[in-house]
Amino acid sequence: MIQLTTAAKLEKAITKARSTKPLVRVNCFGSYTITNKTTGATYTVECLKQDGKRFAHCSCEAGKRGRACYHVAAAVAAHIQLAADKQAAH
Ligand SMILES: [Zn+2]
């Protein structure tokens, strides 16, 4: 589980996500499937909120070790966008 604090902590992962441009599929709000277009590998990222803190979990090796991977960065970007859309709809 990776705790999401500041964007700075995710900076490296965000940079990698920008260059890798993985495919992000929304399973439902908070659950995303990330596909590496080059290797075809897919990972599941879950975003959740606990006690007011935001966490993410990725099924890849780095994610399992609690490291911020680019899958999480890509999913979080989609999650934030989705949350903003949700808010705008209300
Ligand atoms: Zn990952």
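The values are calculated or read from the model by the stated rules, or taken from the named source; none is laboratory data. For clarity, every value in this text was computed on a predicted model and none was experimentally measured. Don't worry about glycine lacking a Cβ; one is built from the backbone with ideal geometry, like all the others, and counts go over all protein chains shown. With ligands, DNA and RNA removed, areas are computed over all heavy atoms of the protein, side chains included. Shrake-Rupley method; radii C 1.70, N 1.55, O 1.52, S 1.80 Å.
Summary table
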| read-out | value |
| --- | --- |
| Qualifying residue in segment 20-32 (condition: open to solvent by less than 60 Å² (accessible area, probe 1.4 Å) and free of Cβ contacts under 8 Å to residues at least 24 places away in the same chain) | yes |
| Cross-chain or 6+ apart pairs with Cβ under 6 Å, segment 56-84 first and free of Cβ contacts under 8 Å to residues at least 24 places away in the same chain, then open to solvent by 20 Å² or more (accessible area, probe 1.4 Å) | 59/43; 59/44; 60/43 |
| Condition check for residue 40: in contact with an Asp or Glu (Cβ under 8 Å, 6 or more places away or on another chain), open to solvent by less than 70 Å² (accessible area, probe 1.4 Å) and more than 14 Å from the ligand (Cβ to nearest atom) | no |
| Residue count for segment 47-71, restricted to those that are open to solvent by 80 Å² or more (accessible area, probe 1.4 Å), at negative phi and more than 11 Å from the ligand (Cβ to nearest atom) | 4 |
| So residue 79, is it open to solvent by less than 80 Å² (accessible area, probe 1.4 Å), away from the ligand (no atom under 13 Å from the Cβ) and in a helix (DSSP H, G or I) | yes |
| Segment 38-73, residues that are at pLDDT below 95, over 17 Å from residue 15 (Cβ atoms), in contact with a strand residue (DSSP E or B) (Cβ under 6 Å, 6 or more places away or on another chain) and in a loop (DSSP other than H, G, I, E, B) | 66 |
| Criterion (more than 19 Å from residue 81 (Cβ to Cβ) and either open to solvent by less than 70 Å² (accessible area, probe 1.4 Å) or in a helix (DSSP H, G or I) (or both)) met by exactly one of 17, 8 | 8 |
| Filtered residues of segment 40-70 (kept if basic (Lys, Arg) and more than 13 Å from residue 4 (Cα to Cα)) | 64, 65 |
| Enumeration of residues in segment 18-27 that are touching a helix residue (DSSP H, G or I) at 6+ places or on another chain (Cβ under 7 Å) and within 15 Å of the ligand (Cβ to nearest atom) | 20, 22, 24 |
| Test for residue 30: is it more than 10 Å from the ligand (Cβ to nearest atom) and modelled with pLDDT of 95 or more | yes |
